[in-house]
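> One structure coming up, written as structure tokens, with questions to follow.
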Amino acid sequence: MLPRLEYIRQARIRLGLTQRRLAMLVGISTSMLNQIESGRCKPSYDTAKRIFDVLNSLEDRSSPKIVDICSREIISVSVDDSLHDAIELMRRYSFSQLPVFANAKPVGMISEEGIVKYMMLKNGNLDTDANDSDAVSKGVGTKPSISKAERAGKGRSYERMGYDLYKCRVGEIMEPAPPIVDASTPAKVIIPLIRFSKCVLVSEKGNIVGIVTVADIFKLLV
């Protein structure tokens, strides 16, 4: 089913096209296009389809590519980095996830959710109803707000948690690598993808050149 004919004029103006230019690209006369836009003439299905095909093609060319909105500075961790170092890096840059690399190739991803799951698994007796940020903060050595009695009972557990974070390597708990898309991909195409993936890596000529998160998608609204 084709869009409504009223959209032709709206799309043409949005793309900065004159009636003459669009008519030439479609292969019809300017007067016919004028009559179609004004509602004085109802085109055949084939003619209407050609008009919308041309408009869609031009819109795809003019829309920003994923390389235009991606973040070029990729903050990442290595499979051999400690979990503690990964947490510190995430806190420093206020990131909820980081891609994991090995030999300059993306091999996984580590996220707050995955870290908290690991911490709760290793220390099931510690505040399992606490929120994620509290759990991560406790894990990297910040002083928890607990009484002396509670601290006496949990001190060894917190100490063990800190040891586990240094001992555990990122590669041991990382999740699957983020999707990789070509730099020439229209940015709007990855909106559905970003809903199901925490981030998307951008590739150009075989090299990873950027990363896209939900925050980068918001640039399309500007």
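What follows draws every value from the coordinates through simple rules; no lab data is involved. Note that the coordinates shown come from a computational prediction; the quantities given were computed from them, not determined experimentally. All Cβ positions, even for glycine, are placed from backbone atoms using ideal geometry, and neighbour counts span all protein chains on display.
> Treat each spin label as a single point 7 Å out from the Cα along the C-beta direction, and report the Leu220 to Arg50 distance in nm.
Inter-label distance under the simple model: 3.1 nm.
> On to the next question. Mind checking segment 14-120 for trypsin sites (Lys or Arg not before Pro) that DSSP puts in a loop (not H, G, I, E or B) and that have at most 15 other Cβ atoms within 10 Å?
Working: sites: Arg14, Arg20, Arg21, Arg40, Lys49, Arg50, Arg61, Lys65, Arg72, Arg91, Arg92, Lys117; in loops: Arg40, Arg72.
For trypsin sites (Lys or Arg not before Pro) across segment 14-120 that sit outside H, G, I, E and B with at most 15 neighbouring Cβ atoms in 10 Å, the list reads Arg40, Arg72.
> Mind checking the dipole of segment 6-62: about its Cα centre, +1 per Lys or Arg Cβ, -1 per Asp or Glu Cβ, Debye to the nearest 20?
Values: 10 positive and 6 negative charges, 35 e Å.
Its charge dipole is roughly 160 debye.
> OK, next. Please report the antiparallel percentage of the DSSP beta bridges confined to segment 161-222, to the nearest 5.
On the way: 5 of 8 bridges.
Looking only at bridges with both residues in segment 161-222, the antiparallel portion is about 60 percent.
> Name the GluC sites (Glu not before Pro) in segment 22-82 that are in a loop by DSSP and that have at most 15 other C-beta atoms within 10 Å, would you? Provide the component values of the computation, followed by the final result.
Numbers: sites: Glu37, Glu59, Glu73; in loops: Glu73.
Counting only loop positions with at most 15 other Cβ atoms within 10 Å, the GluC sites (Glu not before Pro) in segment 22-82 are Glu73.
> Related question: Test of understanding: what is the full-extension gain from Glu88 to Ala177, defined as 0.36 nm times their sequence separation minus their Cα-Cα distance?
Working: separation 89, 0.36 × 89 = 32.04 nm, distance 2.06 nm.
This chain segment gains 30.0 nm when fully extended.
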